[in-house]
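The values are calculated or read from the model by the stated rules, or taken from the named source; none is laboratory data. Bear in mind the structure is a predicted one, so any value in this text is a computation, not a measurement. So basically every Cβ, Gly included, is an ideal-geometry build from the backbone, and we count neighbours across all protein chains shown.
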Amino acid sequence: MTAARPSRQSDSGAALILALVFLLAVGTLIVAVGQFAVTAQSNTINLKAERALRANASSAATVAIQQVRVNYAYQPDTSQTALHYDGTPYLCAPGWVNTSYKVTVFCQGTAYPGTASSRVVDFYVCKNGTSASTCTAAGSSSTVLVSEVIYDDVPAGQPTGAQCSAGSSGTCGLTVSISKWDIRLADS
């Protein structure tokens with residue numbers, strides 16, 4: 001008696017091939033979803049850090065704007081140079097601002113005595129450790145925020161007298177106009 005030969009038309013190996021294709025497809029899908037999850041988590045962390053830096057820059061700039069508003073020759077700390085209106089950048093926020101917000105605020109201004117735009121001051125907020133020249137340079141990647149503020153120090157009805165000046169604070173910053181508020185990180 002001879003043994004029966006398997007038919008050449010048998011599909012006994014097809015199930016194994018289908019199972020391997022299915023496992024390969026599911027494995028590829030799991031890897032893709034895993035990579036997506038890792039990328040999404042990384043993006044979330046980066047966006048949170050950028051959002052915190054923007055918020056800190058805005059808060060630090062607001063503090064500096066208010067300090068300069070009421071103090072013509074603002075001097076953040078006794079060890080720092082007071083703000084002069086000669087176009088040179090100066091430190092423009094108290095030390096606690098730089099420490100708390102992890103940013104440094106520089107400002108440079110021009111004075112126009114006797115006019116409604118008595119002082120025009122540019123504020124530059126940079127990451128800590130940035131020099132004034134780097135922070136205030138056009139297109140600097142270290143600059144987080146740039147703001148231009150116009151202070152009106154002339155009291156109504158007194159166009160040339162009782163103006164805010166170095167050593168006075170009574171009539172400083174009667175009105176404040178923010179003509180530019182540019183968060184640089186949003187531009188990149």
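The table that follows gives values for the structure above.
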read-out	value
Flag for residue 41 being touching a strand residue (DSSP E or B) at 6+ places or on another chain (Cβ under 8 Å) and of a type outside the set (Ser, Thr, Tyr)	no
Matching residues, the range 34-73, being farther than 12 Å from residue 144 by Cβ and touching a residue at least 24 places away in the same chain (Cβ under 8 Å)	63, 64, 65, 67, 68, 69, 70, 71, 72, 73
Failed condition for residue 24, given (1) farther than 30 Å from residue 124 by Cβ; (2) of a type in the set (A, V, I, L, M, F, W, C); (3) at pLDDT below 90	(3)
In the range 80-110, residue surrounded by the most Cβ atoms within 10 Å (Cβ to Cβ) [restricted to those that are closer than 16 Å to residue 125 by Cβ and among the β-branched types (Val, Ile, Thr)]	105
Residue within the range 63-70 that is among the small types (Gly, Ala, Ser), closer than 30 Å to residue 154 by Cβ and surrounded by 11 or more Cβ atoms within 10 Å (Cβ to Cβ) present	yes
Failed item in (1) at pLDDT 85 or above; (2) assigned to a loop (DSSP other than H, G, I, E, B), with residue 150 passing the rest	(2)
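Each row is one residue, and each column tells you yes or no for (1) among the aliphatic types (A, V, I, L, M); (2) out of contact with any Phe, Trp or Tyr (no Cβ under 8 Å at 6 or more places or on another chain).
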| residue | (1), (2) |
| --- | --- |
| 65 | yes, no |
| 73 | yes, yes |
| 76 | no, yes |
| 81 | no, no |
| 87 | no, yes |
| 106 | no, no |
| 118 | no, no |
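Matching residues to (1) modelled with pLDDT under 85; (2) part of a loop (DSSP other than H, G, I, E, B); (3) more than 18 Å from residue 70 (Cα to Cα):
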residue	(1), (2), (3)
104	no, no, yes
108	no, no, no
116	yes, yes, no
120	no, no, no
124	no, no, yes
130	no, yes, yes
